[in-house]
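Notes for the one structure printed next.
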Amino acid sequence: MISSLYARFLVLMVGGLISSFLLSNYLWYTVLESKRLAQGREMARDMAFSVGSTMEFIRAYPTEYRHIILNQFRDMGGSRYLVSINKKFINIDPFIDSDLKREFIDNFLAAIEEKLGQRLEGLSVEFADPTELRVYKNDIRLVDLPPRWAQNTLIREPESAPVLVAQVLVGEGEWLYLAGLLSDPYYLNESRYLGADQLLFLSIMLVVLLAISWVLVRWLTRPLVKLSRAARRLGTDIEYDIRSLQIEGTREVRETAMAFNFMQERVVRFIEDRERMFSAISHDLKTPITRLRLRSELMDDSDTKRKMIGDLEELESMARGALDLGKSTDIHEGMHAININQLMRTFKDEYKLMGAEIEIRGIAKRPYFGKPLALKRCISNLINNAVFYGKSLRLDVVDSRAEMKIYIVDQGPGIPEEQLDKVFEPYVRLEGSRNRNTGGAGLGLSIARNIAHAHGGRLTLRNRIGSGLEAAVILPRI
Ligand SMILES: Nc1ncnc2c1ncn2[C@@H]1O[C@H](COP(=O)(O)OP(=O)(O)OP(=O)(O)O)[C@@H](O)[C@H]1O
Ligand SMILES: [Mg+2]
């Protein structure tokens, strides 16, 4: 699925970035969180000590002095409290429900117990919404009191902070009521989880990271993409723009491109050498063959003379064939858009003149990009075989996005299975054909296959069920 280098790089980079990002955020968050919890414990303890000592005082002094003490306690330890003694327990609606709150209350109760040296029966602790908080009596709301009284103490603007309310029975019909803000009033309001703006920040960062890695990865892989394109191109057209690859990109890519250019040069030189050698051989053979021919004309024995001339003719056609074979991977012909349908019709017309009927099936949907003369030669070699060795010939064109396939189908005897590979070798002719003396040199198939290979394609032979041979020229579209 993720097969291109580009995609893999991208996955690797983005995956690495995201996971390192998440991990560092997670670590950062845990450190912060544990600090926050420590702060909470500290706060719970401080408040518990203030509230605990208030309770101790209230209980220790006789009823008539209580109002003096109450006044004193309105302002203690940095936090301000509303302290009163009410006739009834005031109902409190819990304002916040979170683990953090429960933990705070637990710490608070534990610290009070520690301060007083005993568990305080009936002590109720809860956090209330200041706008809903009731004071003195169940039907008096804090917000309805004149501002001077208590609102300033407990109501925060603009966002209200939860108010800690502790109530405990200190005597018959006497409920001690303490309400105060935390020293960090919004401690409980902060969410433990990522807030909307944090998420926004994270997503902006991710988008930026993605964009940067996209650019980076493109920059890294571009020379490689060029390299693979050029390699594909050279696969079918080796002479295409010699030293065409630019030496650019990372050191590795530059070295590869250099090696590639060097290889292309060597391959081209090798092919040229081979071609020169073939033409030299066939050319040099011609002179002695002609001489032999002249000499044989002078012979008396007519039977030997006839046989000798026959052998010499064969030799001549082989020498000519060698030149053809050498040229079959004709590297000099340029690539052009070929109209395959038109090519098929040309074959039909040309062979009709020679008395062979060709049936054409299928059409090419768009032109094929290749070497026109070479391709014509390839297919006509196969048609020649079908005409010589088979009968009733058909051409099937099957065009797809990736490949152009041309089938040459006859209804002749076919080729024995064990010979199917062998007939591709140069100068190989099967027994029957030699006897029928079609005049061939046994090079048609090897030339045709060379041409298919030169287009990056392949040529296969298959005996059809029933009878006849099916030759398939399969050419990739690039
Ligand atoms: N369609 C076919 N039906 C049966 N036999 C075939 C067919 N095509 C090729 N052959 C066999 O394969 C051999 C090799 O074919 P190839 O085209 O290479 O050489 P050729 O036809 O003998 O000579 P050339 O093509 O060089 O004139 C042929 O001699 C023939 O025996
Ligand atoms: Mg042939």
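The values are calculated or read from the model by the stated rules, or taken from the named source; none is laboratory data. Given the structure is predicted, the values throughout are model-derived calculations rather than measurements. Virtual Cβ from ideal backbone geometry, glycine too; neighbours counted across all protein chains shown. With ligands, DNA and RNA removed, areas are computed over all heavy atoms of the protein, side chains included. Shrake-Rupley method; radii C 1.70, N 1.55, O 1.52, S 1.80 Å.
Once the C-beta distance of residue 96 and residue 212 is scaled by a Förster radius of 60 Å, the resulting FRET efficiency is 0.90 to the nearest 0.05.
Can you pull the percent of the range 334-476's accessible area that's carbon plus sulfur, 1.4 Å probe, other chains left in place? Kindly include the intermediate steps, with their values, before the conclusion.
Numbers: 3740 of 7280 Å².
Reported share for carbon and sulfur atoms: 51 percent.
The accessible area of residue 417, taken with all protein chains in place and a 1.4 Å probe, comes to roughly 120 Å².
Can you give the % of DSSP beta bridges in the chain that are antiparallel, to the nearest 5? Display every interim value, and only then the final one.
Details: 45 of 49 bridges.
Just about 90 percent of them are antiparallel.
Residue ranking by accessible heavy-atom surface, 1.4 Å probe, largest first, among 183, 124, 228 comes out as 183, 228, 124. Taking a probe of 1.4 angstrom, what is the accessible area of residue 67 in Å², to the nearest 10? Result for residue 67: roughly 110 Å² accessible. Diagonalising the gyration tensor over the Cα atoms of the chain and scaling each eigenvalue by 5 before taking the square root yields semi-axes of 106, 23, 17 Å, largest first. At a 1.4 Å probe radius, carbon and sulfur cover how many percent of the accessible area of the range 19-181? Accessible surface attributable to carbon and sulfur in the range 19-181 totals 52 percent. The calculated 222 nm mean residue ellipticity attributable to helices in the chain amounts to -18000 deg cm²/dmol, summing -39500 (n - 2.57) over DSSP H runs of n ≥ 4 and dividing by all residues. Each residue was assigned an accessible area with a 1.4 Å probe, and for residue 429 the value is about 40 Å². Using a simple spin-label model with pseudo-atoms 7 Å out from Cα toward Cβ, residue 262 and residue 169 lie 9.9 nm apart. The residues of the chain have, on average, 59 Å² of accessible surface per residue, using a 1.4 Å probe with all protein chains present.
Is the shape of the range 373-455 best called rounded, prolate or oblate, per the rule: a/c under 1.5 gives rounded, else a/b larger than b/c gives prolate, else oblate, with a ≥ b ≥ c the square roots of the Cα gyration tensor eigenvalues? Walk me through the numbers before you get to the answer.
Working: a/c = 1.88, a/b = 1.48, b/c = 1.27.
It comes out prolate by the Cα gyration axes.
With each label modelled as a point 7 angstrom along the Cα→C-beta vector, the residue 233-residue 291 pair spans 5.0 nm. A simple charge model with +1 on the Cβ of Lys and Arg, -1 on the Cβ of Asp and Glu and nothing else charged puts the dipole of the chain at about 1940 debye relative to its Cα centre. Computed extension length for residue 219-residue 311: 26.6 nm, one decimal, from 0.36 nm per residue of separation with the Cα-Cα distance subtracted.
Residues 307, 115, 87, sorted by accessible area with the largest first, give 87, 307, 115 [1.4 Å probe; ligands and nucleic acids excluded]. One equal scatterer on each Cα of the range 19-181, no solvent, Debye formula: the resulting log10 I(q)/I(0) at q = 0.08, 0.15, 0.18 Å⁻¹ is -0.27, -0.83, -1.16.
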